[in-house]
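See structure below.
The values are calculated or read from the model by the stated rules, or taken from the named source; none is laboratory data. Computed from a prediction, not measured in an experiment: that's the story for all the values here. Here Cβ is always computed from backbone atoms with ideal geometry, including for glycine, and neighbour counts include all displayed protein chains. Surface areas here come from the heavy atoms of the whole protein model, side chains and all, with no ligands, DNA or RNA. Shrake-Rupley method; radii C 1.70, N 1.55, O 1.52, S 1.80 Å.
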Amino acid sequence: MPWKAKRQIGLTSEICLFTRVAVAKAKSVVANPDEPATPFGVCGYAKWAMLTLHALHIELGKSYRVAVDLPSEMPGV
């Protein structure tokens with residue numbers, strides 16, 4: 001069991017690192033990088049957030065539903 005716990009922690013750290021890098025790269029290519037991820041009063045996400053979610057979707061091979069849920073489960077991202 002300790003091995004599985006270590007593997008899970010390592011995997012979570014890799015996902016967090018990937019997400020941070022994806023956010024930085026996505027913000028470097030959009031017109032408004034300072035826009036909040038979910039603009040107040042607007043449906044949807046900022047463009048940089050959509051790019052990050054798409055990158056997570058591809059990297060993890062998971063559905064968009066799972067990709068959208070992952071950042072909310074990662075404190076600090």
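Worth a mention:
- Qualifying positions in segment 28-54 - at pLDDT below 95, in a loop (DSSP other than H, G, I, E, B) and of a type in the set (Val, Ile, Thr): THR38, VAL42
- Options LEU60, LEU17: the member that is in contact with a Leu (Cβ under 9 Å, 6 or more places away or on another chain) and modelled with pLDDT under 90: LEU60
- Segment 18-31: number of residues that are surrounded by 11 or more Cβ atoms within 10 Å (Cβ to Cβ) and among the polar types (S, T, N, Q): 1
- Residue list for segment 46-64, filter: open to solvent by 70 Å² or more (accessible area, probe 1.4 Å) and either under 17 Å from LEU17 (Cα atoms) or more than 12 Å from the chain's Cα centre (by Cα) (or both): LYS47, LEU51, HIS54, ILE58, GLU59, LYS62
- Residue under evaluation CYS43, criteria (1) over 24 Å from GLU14 (Cα atoms); (2) surrounded by 10 or more Cβ atoms within 10 Å (Cβ to Cβ); (3) without any contact (Cβ under 8 Å) to a residue 12 or more places away in the chain, criterion not met: (2)
- Test: ARG7 is at pLDDT below 85, assigned to a helix (DSSP H, G or I) and among the basic types (Lys, Arg): yes
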